[in-house]
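Some notes on the structure that comes next.
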Amino acid sequence: MTQTAHSRSSTAATMFSVASVLPWLLAALLLLALPTVFPSNSALTIMNQMAITIVFALAYNMLLGQGGMLSFGHAVYMGVGGFMCVHIMNYVEVNEAPVPLPLLPIFGGLFGLGLASIVGSFSTRKAGTVFAMISLGVGELIAACSIIIVAFFGGEEGISGDRTYMMPFFEVEFFTQIEVYYLTAFWLLLAAFLMYLFSRTPIGRMANAVRDNPERAEFLGYSARWVRYYSFCASGFFCGIAGALFAINFEILTEENLNLATSGSILLITFLGGIGVFFCPIVGAIVFTLLQTVLSLETELWQLYLGALFLATVMFFPDGLSGVLMRHANIVQRGRPQILVSPYTKMAIPALVTVLASAGLCEVLFHGRHAATGEHSMVLYWITIDTHSLLPWVVLIGCALGGFGLCKRIAPDVLEAWDEASRPGGVNP
Amino acid sequence: MELIAINIIDGLVTGLLLFMLSSGLTLIFSMMGVLNFAHASFYMLGAYFAYQISMYIGFWPGLVIAPLAVGIGGALVERYGLRRVHQYGHVPELIFTFGLALLIEEVVQFFWGKNQMAYEEPEILQFAAFAIGGNSVPAYKVFMIFVSVGIFMGLLYVLTKTRVGMVIQAALSYPRTVEALGHNVPLVFMGVFGVGTALAGVAGVIAGPVLGTFPGMAVLLGSIVFVTIVIGGLGSLWGALIASLLIGWLTTFAASYNVEFESILLFFGLEKPEIMSESALRDIWTMTLPQIGPILPYILMILILVFRPYGLFGKRDV
């Protein structure tokens, strides 16, 4: 008895050791330092968007990764939280209620929690396909309601508010982007920390157990249904926080925040990052937002590339981008990254050529099909080319096929080096 | 009375169209245990392929070639995509088909753009077949009914009376035993996936001219098809048929009867708010049946899943 008490207190002590607090401190410092590195307004907007996506993806992964529940309508909880926050903003503007803006995410979270506790009461009875289908149905239902119930959702144009009319918070009125950034960063850190703590509580642990083997968890005396229900509610709460942050940043919410496309993209983001470990979705959120903002400036076809990247991830790296990173970290830890250096550099050039040439081919083809008639020139990789001459086609197809052939020839060497580097007790791909 | 008859025919067309999609989907589900989210995307591909073919050689060759092309595409997806992902488990499979649906939509926009295509029914079918009380029924609708009923009969015959059908049915329930008897089960699976997607392709070919051929057509129908097979019971062909017709009629009738919620609420003795524009519940008072028609199937599905998770005819838990 005393022994268990002792071991428990020692685990409690290690939980708050330097090693476990360090990543959070580093993250806080990073978030504080980022605006000095990227001070421009557009960079701040991108970072805000990233932060919101991270909160949403982490909340989504509480279900998908930690609880094994696949939801196809999760945008609804974020959206409803956000809609509620805009309504609160407008209410404060009219009635001058003493609500400072930084507290708004709490309200968003509570409304997300409220909706999740209602929907969860019937959707979490079963996991698996039943849950996925109910989530899809509820998602479509609420998204469709946004057109019908105009008083709350504002119909097609949505509803908008003004964050600066909220009660000033220590004389900060959130006029500038940088103030909003720090607010978002604070809530990102807080929400991520709370979600992490949730995953360490007994209920968070039981969510993992129920995900892996619900029957066994039931025999241990835990109700799988209630465990799922609590995870679902907690996830709804943090989705609501993400929605509130969205409302603060963009000051407008529309039907787009509720529909299937948004629900689908959060699934995509989370899976892209990886669902195995708590921090994995962060990578997905960062990569996705960067691709979305940077790539969409360069090309109209960014969604095509994103879809291809997503399918490739599902097919070849089922544990996501951060899974790939973690495996490499393992190899570096074992002190043998040098085995991989030369095959990787050999592989990198043809792989890059293949990808760029295929993308270029897509661009030329797209230009050929959709440009105005008579328009024959386009700029591809800073070179102006004529899409109706044969030369660019030959070069691009040649590069793509040649690069692909080379990749295929080098691939066995790379795989061999990989096996070699991760052999003793290591995980193989 | 005439309105009812017209609605019955319209609902039948919608229902049979849904059935062509849901039958393939439900077969694929009972085979692989995975819901194919990209199923409606194959329907869209069917419509676009048929449009492209009809530009060159007309509608009728398209009716045959486009579904074949879609079916081959589906079989290739099964062989080189799904079979690979299968080893990781069900959730990655579901996510794979979800990603595939996104990618197919992007590919369609890549080749054909975002606008609706001018894909029309053949001229030979552009006349009114008959009229009921002044409302004429286009011949194309009759044609759609015949095509879908014909395909259903053919499917039923192949599945229940032929040797291939027996092997398929056996492989659905006891894949290992069938494999031990010397049948190539992975090939059967690939075939069923190909045929299922080809059926979706047929649906696309004949629905494209009526419902419009545009990049959003997959999303528009996709979730309804899911709703259908969940209501009918996953893996049940008869359930899929009944649920398709049910949803077809439900949405058609809801769209044509202008029942106002005001009268219902008044009937239950509720008081109408004095100033409509200030009431928070004003939307509930002004709601009409055609407005909520499109969401009725979702409400039905949620109710069914809550009270009878196997669906109407399903034997096993979804």
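Every number here is computed from the coordinates shown, using simple stated rules; none is lab data. Just so it is clear, the model here is predicted, and its values are computed rather than measured. Cβ atoms come from the backbone with ideal geometry, glycine included; neighbour counts cover every protein chain shown.
The table below gives the values:
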item: Interchain or long-range residues, amide H under 5 Å from residue B:213's placed H; result: B:117, B:119
item: Assigned charges on the beta-carbon of Lys, Arg, Asp, Glu; the protein assembly as shown dipole about Cα centre (debye); result: 3060
item: Segment A:84-95 - phi-based ³J(HN,Hα) in whole Hz, Karplus 6.51/-1.76/1.60, Gly and Pro as x; result: 4, 5, 5, 5, 5, 4, 5, 4, 4, 4, 6, 9
item: Phi to ³J(HN,Hα) by Karplus 6.51 cos²θ - 1.76 cosθ + 1.60 over segment A:305-319, Hz, x for Gly, Pro; result: 5, 5, x, 5, 4, 5, 4, 4, 4, 4, 6, 10, 10, x, 9
item: Degrees between helix B:139-161 axis and first principal axis of chain B (Cα, 0 to 90, nearest 10); result: 40
item: Listed peptides B:230-241, A:307-318, A:94-105 by packing density, highest first (mean Cβ within 10 Å); result: B:230-241, A:307-318, A:94-105
item: R0 of 22 Å, Cβ-Cβ distance residue A:96-residue B:285: FRET efficiency to nearest 0.05; result: 0.10
item: Positive-end residue, the protein assembly as shown charge dipole about Cα centroid, Cβ charges, pick of A:331, A:362, A:146; result: A:331
item: Gyration tensor (alpha-carbon) shape descriptor, segment A:276-354, a/c threshold 1.5; result: oblate
item: Chymotrypsin sites (Phe, Trp or Tyr not before Pro) within segment A:169-211, DSSP loop, no more than 14 other Cβ atoms inside 10 Å; result: A:170, A:175
item: For residues of B:300-312, the mean tally of beta carbons on other chains within 10 Å; result: 4
item: Cα shape, the protein assembly as shown, gyration tensor, a/c 1.5 rule; result: rounded
item: 10 Å Cβ neighbours from other chains, averaged over peptide B:81-93; result: 3
item: Nearest-20 debye value, segment A:334-421 charge dipole, Cβ charges on Lys, Arg, Asp, Glu; result: 180
item: Expected 222 nm ellipticity per residue - DSSP helices of 4 or more, -39500 (n - 2.57), all of chain A, to 500; result: -24500 deg cm²/dmol
item: Shielding by other protein chains, B:222-228, mean Cβ within 10 Å; result: 3
item: Nearest-ten-degree value, helix B:59-77 long axis tilted from longest Cα axis of chain B; result: 70
item: Packing-based order for B:243-251, A:414-422, using average beta carbon neighbours within 10 Å, highest first; result: B:243-251, A:414-422
item: Peptide ranges B:296-302, A:391-397 listed from the most packed, as the mean C-beta count within 10 angstrom indicates; result: B:296-302, A:391-397
item: Gain upon complete extension [residue A:218, residue A:106; 0.36 nm per residue less C-alpha separation]; result: 37.0 nm
item: Dipole of chain A, positive end: most advanced residue of A:172, A:26, A:98 [Cβ charges, Cα centre]; result: A:26
item: In Hz, Karplus ³J(HN,Hα) per residue of segment A:37-47 (6.51, -1.76, 1.60; θ = phi - 60°; x = Gly, Pro); result: 7, 10, x, 5, 5, 5, 5, 5, 4, 4, 5
item: Span from the segment B:93-128 Cα centroid across to the segment A:95-117 one, whole angstrom; result: 42
item: Folded to 0 to 90 degrees: helix B:2-32 orientation relative to chain B principal axis, Cα; result: 30
item: Most positive-pole-ward Cα, B:177, B:144, B:95, against dipole of chain B from beta carbon charges; result: B:177
item: Chain B, helix-only ellipticity at 222 nm - DSSP H runs n ≥ 4, -39,500 (n - 2.57), divided by all residues, nearest 500; result: -23500 deg cm²/dmol
item: Relative exposure of B:271, B:121, judged by other C-beta atoms within 10 Å (fewest first); result: B:271, B:121
